Amino acid sequence: MSAFSKVIVANRGEIAVRIFRTLRELGIATVAVYSEADRGSLHVAAADEAYLIGPGPASESYLNQERLLDTAARAGAEAVHPGYGFLAENAGFARACEEAGLVWIGPPPEAIELMGSKTAAREAMRAAGVPIVPGTTDPVDSADAVRLLGEEMGWPIAIKAAAGGGGKGLRVVAGPEEAERAYESARREGEAYFADPTVYVERYLEDPRHVEVQVLADAHGSVIHLGERDCTIQRRHQKLVEETPSPAVEDELRERIGRIGVDAARAVGYRSAGTIEGLLDRDGNYFFLEMNTRIQVEHTVTELVTGLDLVREQVLIAAGEPLLRSQDDLRLTGHAIECRINAEDPSNGFLPSPGRISTYREPAGPGVRVDSGVTAGSEVVGLYDPLVAKLVVHGVDRDHARRRMLRALGEYEIGGVTTLLGFHQALLEHPCFVAGETCHGVVESKELAKRAEQLSHRKTTVAASPDGRLRERVARVELDGRLYEVKALVPEPPFAELARRRRERTAHGAHHGAAKDAVVTPMQGTVLAVEVENGEDVQAGQVICIVEAMKMENEITAHRDGVVTDLSVEPGQPVTTGQVVCVISQNVT
Ligand code: MV4
């Protein structure tokens with residue numbers, strides 16, 4: 001006898017595939033939905049049945065509530081699993097599912113709603129005795145109020161969007177003279193992202209760790225925690241590496257954080273799997289930040305150290321079954337690390353790198369798990385999250401897991417698109433990561449991007465020799481029964497010289513007059529910030545503006561030194577692919 005006979009997954013990519021695996025183990029039939037852009041995707045092939053939920057823009061299909069409900073009815077599904085992102089934290093959709101007679105594999109809509117407002121959540125946590133970052137639980141409605149709070153709490157302070165989360169709208173204010181600008185810009189970002197300019201204020205914590213607690217709550221009043229995850233390695237509030245246990249958490253602190261997580265879940269009548277996100281400061285103080293009312297990307301590391309299947313727990317809880325384990329039954333074993341394998345280019349401001357995956361080979365062996373949404377031939381479309389796979393390892397301790405991750409990263413082959421494989425290798429070899437430090441600043445550093453690029457070219461050497469006349473080609477030869485990798489230097493093809501001259505001409509401009517080069521947006525999105533002004537001198541690599549696309553922030557940088565002219569974008573403005581942002585003219589000195 002199983003919980004449900006058929007479940008629909010309102011999601012795509014690796015998480016849809018991940019959920020289908022568990023459903024299959026439970027003997028539950030699986031239903032996929034797909035957009036027109038996803039017809040050939042792995043998650044479609046991984047399900048028993050699949051339904052098109054287009055037409056219309058691909059980015060809207062997984063958000064089309066009516067279409068999803070119709071499809072659930074048509075397929076005869078009994079329950080809906082939303083995965084993460086898309087409609088996972090949409091209380092209205094959770095309610096609509098329940099009203100349509102479908103079981104929502106997630107928390108009660110009221111809990112989603114309450115946690116959706118950061119100020120309401122802070123107030124509820126304060127009332128429940130959960131420590132929150134010192135600051136306001138009410139909105140702050142003027143720059144003067146911000147200045148007053150700064151004098152009261154001491155500078156620096158943080159301004160955050162009330163409807164936000166994940167660091168959206170976060171502005172650090174060092175002193176009273178910065179209050180006005182920061183207040184206005186945090187409000188603009190809140191408006192741009194959530195159509196809600198409401199902001200509030202917190203004390204700014206220096207060099208904190210992002211530490212979160214996984215909780216499970218059933219419909220019968222049991223709530224347990226599954227230990228913490230450390231997600232300190234982030235870039236622009238996008239997590240890149242997650243691990244458990246946290247290098248900064250000892251048994252006693254784990255118990256304290258765990259109790260905080262359980263108290264927080266109980267206070268909002270939580271049910272299902274959930275995560276309490278918090279900040280851990282250098283003195284060991286732990287503060288509630290927000291609660292994520294969904295399965296998270298990084299749930300995998302908790303699975304490896306607990307031996308539990310969190311999606312299975314979600315499904316059984318939704319079916320009304322009681323938790324089978326008490327807090328005392330749980331044992332946390334060893335150390336787990338997850339690296340997010342995004343199709344992004346770290347040497348180009350982590351710009352999305354869409355394209356077709358040509359060659360694809362996953363690592364395997366002891367302690368290695370790959371949760372992937374792609375295979376050889378998959379098209380990585382720019383419309384969606386750039387996360388194509390998650391590489392997760394388990395070891396007896398942190399250094400064992402770290403070395404195992406490096407070994408697995410070395411085995412992983414993804415051709416055709418640029419990924420974070422090289423970046424993760426560079427990071428995990430860096431002394432800051434080895435030492436378990438916060439690595440703030442290192443993640444974004446040029447040094448790491450450069451090392452990442454070197455590492456990602458190691459296996460496919462086709463670089464030109466310095467004079468450009470010879471190319472390296474690596475071949476494998478067997479000599480007297482032993483395998484060798486040999487580097488052959490072969491002459492470049494005859495057209496290469498012409499192509500090089502042409503490139504140089506465009507790079508250096510025409511012989512007479514100043515060269516002009518347009519900076520264009522590589523993707524459709526919304527301008528969040530403009531970092532330069534007309535007439536400003538910029539250097540190659542300097543950030544011109546930040547464009548948000550599919551919840552990711554992307555830096556548009558200058559490709560050459562020069563002077564900015566014809567700047568045509570401003571914050572909040574939508575832009576299309578290939579739109580001219582500004583022109584960079586050569587400095588004529
Ligand atoms: C903060 C903070 C300092 N003080 N809040 C919020 C969402 C998360 N993505 C990062 N957030 C932060 N909130 C206060 N009051 C610093 C950060 C922060 C951060 C925290 C832990 C680990 C890495 C971080 C990177 C950037 C910002």
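Taking the number of other C-beta atoms within 10 Å as the exposure measure, put SER358, SER326, SER117 in order starting with the fewest. It would help to have the intermediate numbers written out before the result.
Working: SER358 13, SER326 9, SER117 18.
Ranking SER358, SER326, SER117 by Cβ neighbours within 10 Å, fewest first, gives SER326, SER358, SER117.
Note on the stretch 528-589 and the stretch 410-457: Cα centroid distance 26 Å, given to the nearest whole angstrom.
Placing unit charges on the Cβ atoms of the charged side chains and taking the dipole of the chain about its Cα centre, the candidate lying farthest along the positive direction among SER142, MET115, CYS439 is CYS439.
Please report the orientation-averaged projected area of the stretch 152-221, defined via the convex hull of its C-alpha atoms, in nm².
6.8
Shape index of the stretch 85-207: Rg/Rh, with Rg the Cα radius of gyration and Rh the Kirkwood radius from the inverse mean 1/r over Cα pairs, equals 1.06.
When the alpha carbon coordinates of the stretch 1-84 are projected onto the principal axes, the ranges are 40, 23, 20 Å, largest first.
About its Cα centre, how strong a charge dipole does the chain have in debye, to the nearest 20, once Lys and Arg get +1 and Asp and Glu get -1 at the Cβ?
Details: 64 positive and 88 negative charges, 403 e Å.
So the dipole magnitude of the chain works out to roughly 1940 debye.
A quarter of the convex hull surface defined by the alpha-carbon atoms of the stretch 269-339 gives 6.2 nm² as the mean projection.
If you average the C-alpha positions of the stretch 165-214 and of the stretch 11-90 separately, how far apart do those two centres end up, in angstrom? Between the Cα centre of the stretch 165-214 and that of the stretch 11-90, the gap is 34 Å. Take every Cα pair under 8 Å whose residues are at least 6 apart in sequence, average their separation, divide by the length of the chain, and the relative contact order is 10 percent. Here the relative contact order of the stretch 103-257, from alpha carbon pairs under 8 Å that lie six or more residues apart, stands at 17 percent. Comparing the stretch 32-136 with the 2.2 N^0.38 Å rule of thumb, its C-alpha radius of gyration ratio is 1.32 (two decimals).
Semi-axes of the equivalent ellipsoid for the stretch 129-168, computed as √(5λ) from the eigenvalues of its C-alpha gyration tensor and ordered from largest down, come to 17, 14, 10 Å. For the chain, the Cys residues with no second cysteine's beta carbon closer than 4.7 Å are CYS97, CYS231, CYS339, CYS545, CYS582. What the Cα atoms of the stretch 234-308 give is an Rg and a Dmax of 12.8, 33 Å. Each of HIS81, HIS225 was scored by other Cβ atoms within 10 Å of its Cβ. Listed from fewest to most, they are HIS225, HIS81.
For the stretch 541-588, the convex hull drawn through the C-alpha positions has a volume of 77 cubic angstrom per residue. Pairs exceeding 32 Å between alpha-carbon atoms, taken from LYS390/LYS450; LYS487/LYS551; LYS446/LYS551: LYS487/LYS551. Dividing the radius of gyration of the alpha carbons in the chain by their Kirkwood radius gives 0.98 for Rg/Rh. Please identify the helices of the chain, taking whole runs of DSSP H, that span at least 18 Å along their own axis as judged from the Cα atoms and have a mean Kyte-Doolittle score of -1.0 or higher. Answer set is 13-25, 251-267.
Where does the longest stretch of the chain lie that holds no GluC sites (Glu not before Pro) found in a DSSP loop with 13 or fewer other Cβ atoms within 10 Å? Mind dumping the intermediate values first?
Values: sites that count: GLU206, GLU250, GLU533.
Counting only loop sites that pass the neighbour cut-off, the longest clear stretch is 251-532.
In plain terms, the residue of ARG12, ARG171 with the fewest other Cβ atoms within 10 Å comes first and the most crowded comes last, giving ARG171, ARG12.
Using 0.36 nm per residue, how much length does the chain from GLU478 to ARG236 gain when fully extended, once their Cα-Cα distance is taken away? Working shown, then result.
Details: separation 242, 0.36 × 242 = 87.12 nm, distance 4.73 nm.
Result: 82.4 nm gained on full extension.
State whether the stretch 336-480 is rounded, prolate or oblate according to the following rule on the C-alpha gyration tensor (a ≥ b ≥ c being the square roots of its eigenvalues): a/c under 1.5 gives rounded; otherwise a/b larger than b/c gives prolate, and the remaining case gives oblate. Verdict is rounded for the stretch 336-480.
Only the coordinates and a few stated rules stand behind these numbers; no lab work does. If you're wondering where the values come from, they're calculated on a predicted model, not measured in any experiment. Reconstructed Cβ throughout: ideal geometry from the backbone, glycine too, with neighbour counts over all protein chains shown.
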